[in-house]
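Reviewing the structure listed below.
The values are calculated or read from the model by the stated rules, or taken from the named source; none is laboratory data. The model shown is predicted, which means the values in this text are computed figures rather than measured ones. Using ideal geometry, Cβ is built from the backbone for each residue, glycine included, and neighbour counts are taken over all protein chains shown. Calculation scope for accessible area: heavy atoms of the full protein, side chains included, ligands and nucleic acids excluded. Shrake-Rupley method; radii C 1.70, N 1.55, O 1.52, S 1.80 Å.
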Amino acid sequence: MNSGTSFDTTLAALAGQLPRWRLRAVAEIDSTNSALMQACRQQAEAQLLVAERQTAGRGRLGRHWTSSAERSLTFSLSWPLRADTPLDGLSLAVGVVLVEALHPALRLKWPNDLWLDRRKLGGILIEAIPGSAVVIGVGINLDAPTGVDQLVAGLRELDAGWSAPLALAAVLPPLVALLENWQGFDAGWPARFAARDALAGQTVQGDGLSGVAEGVDSAGLLRLRGDDGGLRLLRSGEARLRPLSEVRA
Ligand code: BTN
């Protein structure tokens, strides 16, 4: 486990708490998600892979994920699945765990962007090998990245003392607890998501849809009250919605 990275001391301290997990840090990699997906195709295991730097970080919907060493935290977890493990809403629950672990001011923009003051502070990329493993990738800005065409934020706006190892130490134990105890989104997660939901009650628009966001259902689907009064349930990835205030801005 001694990799010569800034994470070594933190991982050594966490190893005793997480005996079932393989904890690994690397200085540089293309993408921690890609690496764990590849590893899980050979053998699914409970593993953390954290990188100081990613050269080809991947975001949702085929986007690139921009991050840099010492200014962000980038890691992935792989977790073996049973055939009957429900995956609906898992990415929302991951978002809930992250914001609860990091700061009371953080909010979630459905499905799983972490927001600070309506600016993106982090994101989650979940990929699955059906019936075998799930890989959960997390990217958190410590400082807002430059050169991205989005409003962005960083954890150090809240407290200049945040470092990537400290942020990892804050989020890893509750994420492991989530995975080890996961029984589906309806087991208590809708209320916890609602407490951090940045879109609830907002008029949103995108991909030909528009309406008022009315929170999520017991499977994590977004309840969208359309302009015609009808209710639509949207799956993650089905529409990229933004609050109307920001579409006009
Ligand atoms: C998004 O908001 O689009 C999701 C971003 C997820 C980025 C993380 S960084 C660690 C892991 N490895 C990747 O290549 N992507 C995820």
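In nm, to one decimal, how far is the Arg156 label point from the Arg53 one, both placed 7 Å along Cα→Cβ?
1.7 nm
Could you work out how far helix 32-42 tilts from the main Cα principal axis of the chain, as a 0 to 90 degree angle to the nearest 10?
70 degrees
What order do you get for 198-205, 78-85, 156-163 when each peptide is scored by the mean count of other beta carbon atoms within 10 Å, highest first? Present the calculation step by step, with values, prior to reporting the outcome.
Values: 198-205: 18.4, 78-85: 15.9, 156-163: 13.9.
The most tightly packed comes first, giving 198-205, 78-85, 156-163.
Please list Glu28, Glu180 in order of solvent-accessible area, largest first, computed with a 1.4 Å probe with all protein chains present.
On the way: Glu28 105, Glu180 75 Å².
From most exposed to least exposed: Glu28, Glu180.
For the chain, with the dipole built from +1 on Lys and Arg beta-carbon atoms and -1 on Asp and Glu ones, taken about the Cα centre, which of Val176, Val212, Ser78 lies farthest toward the positive end?
Farthest along the dipole direction, towards plus: Val212.
Stretched out fully, how many nm does the piece from Leu244 to Glu100 gain, at 0.36 nm a residue minus the Cα gap?
49.2 nm
Relative to the longest principal Cα axis of the chain, at what angle does helix 164-181 sit, 0 to 90 degrees, rounded to 10?
Value to nearest ten degrees: 70.
Suppose all protein chains stay in the model; what accessible area per residue would a 1.4 Å probe give for the chain, in Å²?
45 Å²
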